[in-house]
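Notes follow once the structure below has been shown.
The values are calculated or read from the model by the stated rules, or taken from the named source; none is laboratory data. These numbers come from a predicted model, not from an experiment. Every residue, glycine among them, receives a Cβ derived from its backbone with ideal geometry; neighbour counts consider all protein chains shown. Calculation scope for accessible area: heavy atoms of the full protein, side chains included, ligands and nucleic acids excluded. Shrake-Rupley method; radii C 1.70, N 1.55, O 1.52, S 1.80 Å.
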Amino acid sequence: MNLLDSWTARQEPVVRVGAAEAVFASLRGAIEAGKIPVGTRLDSEASLAKQYGVSRTMVREALRSCTALGLTATYTGKGTFVIADKVAQDLKLGKYSASALVEARPHVEVPAAGLAAQRRTGEDLEALREILREMSEAKDLQQWVQLNTEFHVTIARSSGNGVFETFLSDICEAMANQSNTLNLVADRRKESGEEHARIFEAIERGSAEDASEAMTRHLHGVECALGTVIPSSGKPLAGHTG
């Protein structure tokens with residue numbers, strides 16, 4: 001039995017409520033503590049799922065977040081390996097990084113929310129209302145993350161500006177990866193729900209100023225939460241001070 005096998009063999013199955021969070025916390029803790037050393041090849045998703053008593057989807061979410069933190073890397077045909085025992089200075093979200101999202105999103109999503117308040121249709125409002133309802137009832141993180149992305153994309157579409165909509169469609173995968181990781185590390189679904197509700201209420205009232213302000217506050221909340229995940233460099237992620 002190798003070192004990784006001996007460590008995983010001692011792990012107890014985790015409960016289904018917060019399963020992805022529990023698997024992620026277990027793997028991250030073991031990697032940072034050196035119990036799974038740098039260079040180790042992790043077991044397959046199927047094997048880890050069996051060891052933890054959860055679905056492969058839960059394991060996949062946890063591994064995706066370990067990669068986002070810069071702790072692991074997956075190589076096609078070879079598997080997932082531990083590449084560091086400390087969190088990276090920026091989240092790796094696939095096509096874009098967390099710092100890139102933080103810098104760019106306010107320049108698009110804030111004006112998009114304002115335009116959505118002015119241009120939204122009855123169908124747009126119903127779509128946003130339904131997304132918020134489903135988010136409030138979501139039972140697992142993956143479902144919530146997908147709905148969260150859909151909420152932001154729908155606002156961009158409601159703005160009537162095709163450039164904003166295309167931008168959100170382009171970053172939606174990175175945004176989903178960020179949301180998944182952020183909520184595994186520092187769950188802010190409750191805060192996001194309240195912020196989303198304020199954005200929707202302003203759009204529904206037709207107040208461009210309030211919608212833009214609500215979106216600004218929401219994105220700042222995301223940035224602050226990211227600051228608790230990424231090691232402090234002494235500067236805000238995008239030079240934003242509030």
In Å², rounded to a whole number, the accessible area per residue of the chain with probe 1.4 Å is 48 Å²
Computed about the Cα centre, the charge dipole of the chain from +1 Lys/Arg and -1 Asp/Glu charges at the Cβ has a magnitude in debye, to the nearest 20, of 840 debye
Of the accessible area of the chain, computed with a 1.4 Å probe and all protein chains kept, carbon and sulfur make up a percent value of 51 percent
Along the dipole axis of the chain (charges at Cβ: +1 for Lys and Arg, -1 for Asp and Glu; origin at the Cα centre), the most positive-end residue among Gly34, Thr121, Asn180 is Gly34
Under Stokes-Einstein, the stretch 116-173 at 25 °C and 0.890 mPa s, with its Kirkwood radius over C-alpha pairs, diffuses with a coefficient in µm²/s of 210 µm²/s
Full extension between Ala186 and Val38 adds, at 0.36 nm per residue less the Cα distance, a length in nm of 50.8 nm
Percent relative contact order for the stretch 107-194, counting Cα pairs under 8 Å at least six residues apart, stands at 36 percent
Helix-only [θ] at 222 nm, the chain, -39500 (n - 2.57) per DSSP H run of 4+, per residue, nearest 500, equals -22000 deg cm²/dmol
Ranked output for segments 192-202, 173-183, 74-84 by mean other Cβ atoms within 10 Å, highest leading, reads 173-183, 192-202, 74-84
Given unit charges at Cβ for Lys, Arg (+) and Asp, Glu (-), the dipole magnitude of the stretch 129-242 about its Cα centre in debye, nearest 20, is 220 debye
For the stretch 84-224, the charge dipole (Cβ of Lys, Arg +1; Cβ of Asp, Glu -1; about the Cα centre) points to a positive end, and the Cα of Pro111, Trp144, Ala84 closest to that extreme belongs to Ala84
When every protein chain stays in place and a 1.4 Å probe is rolled, His220, His107, His152 sorted by accessible area with the largest first are His107, His220, His152
Connecting every pair of Cα atoms under 10 Å apart in the chain and solving the GNM, the largest mean-square fluctuation among Leu42, Leu93, Leu69 falls on Leu42
Given pairs Lys78/Lys139; Lys78/Lys190; Lys35/Lys78; Lys50/Lys92; Lys35/Lys190 and cut-off 29 Å on Cα-Cα distance, the over-length ones are Lys78/Lys139; Lys78/Lys190; Lys35/Lys190
Under Stokes-Einstein, the chain at 4 °C and 1.567 mPa s, with its Kirkwood radius over C-alpha pairs, diffuses with a coefficient in µm²/s of 69 µm²/s
Quick shape check on the stretch 152-221: root eigenvalues a ≥ b ≥ c of the Cα gyration tensor, a/c under 1.5 is rounded, otherwise prolate if a/b tops b/c, else oblate, and it reads oblate
Taking Cα pairs closer than 8 Å and at least 6 residues apart, the relative contact order of the chain in percent is 21 percent
With R₀ set to 41 angstrom, the calculated FRET efficiency between the beta-carbons of Ser47 and Glu204, to the nearest 0.05, is 0.25
Per the rule of 0.36 nm per residue minus the C-alpha distance, extending Gln143 to Ser55 adds in nm 30.2 nm
A chain fully extended from Gln118 to Asp85 at 0.36 nm per residue, minus the present Cα-Cα distance, gains in nm 7.0 nm
